[in-house]
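J.: Next up is a structure, given as structure tokens.
Read-outs: derived from the displayed coordinates by stated rules, not from any lab. Here the structure is a predicted model, which is why all the values come from computation and not from measurement. Every residue, glycine as well, gets a Cβ built from its backbone with ideal geometry; the counts of neighbours run over all protein chains shown.
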Amino acid sequence: MRMTTRLLAVACLALVACSPKYNWRDYASPDAGYRVTFPAKPSSATRSIDLDGMRVNMTMTAAEVDGATFAVGAAEAPDAARARTALDAMQRALLRNIGATGATVARKQAASAPAGGDSRASLDVDATGPGPAPMRLVGHFEARGTRFYQVIVVGKDKNVPPEQIDQFLTSFTLP
């Protein structure tokens, strides 16, 4: 009987040891119209935030793996122009959270284009904050009409593998 229990315990440990860190799963937002693939089971919360004087309810859906957070935030502005300005406000707030300054931003891209009468804008950033355990933020910020989104990966630089960042960010789609 003891041998059976030991074998069962060893088998369970082997199964746990073989489970992947990243358990990718599709997620479709029930109210914000996006799809994304999270590396673990996500959870969602909605709260009121202030983006340079514009108060909005933002829904954040996020999952964490090894200290790296993969998150999508979505909100709606009163008009398309304010949705576009929200992109800069979100990006500045997140960079401030990791202590990144203009000199530590490795990549920053912005683009805007009309889409069938609906305005679009996007901003991409890759930044690292200072410190003995530098925090890295890689994000895509997008506005479509009055809706705006932040798609981010943040964590200690060593805990954010490039291939996982790429898989997450490129999986984000809007209709």
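J.: Run the numbers for residue 37 and residue 57: contour at 0.36 nm per residue of separation, minus the present Cα-Cα distance, in nm.
T.: 4.9 nm
J.: While we're looking at this one, here's another question. How would you order 129-139, 41-51 from highest to lowest mean count of nearby Cβ atoms within 10 Å?
T.: By packing density, highest mean first, the sequence is 129-139, 41-51.
J.: Let me ask something additional. Let me have the relative contact order for segment 22-171, percent, based on Cα pairs under 8 Å that are six or more residues apart.
T.: Once divided by the residue count of segment 22-171, the mean separation gives 22 percent.
J.: If you place +1 on the Cβ of every Lys and Arg, -1 on the Cβ of every Asp and Glu, and leave all else neutral, what size is the dipole of segment 22-171 about its Cα centre, to the nearest 20 Debye?
T.: 160
J.: Does anything in segment 122-145 have its amide N under 12 Å from the 7 Å Cα→Cβ label point of residue 158, and if so which residues?
T.: 132-134
J.: Mind checking the full-extension length gain between residue 173 and residue 48? Use 0.36 nm per residue of separation minus the Cα-Cα distance, one decimal, nm.
T.: Extra length available between residue 173 and residue 48 comes to 42.6 nm.
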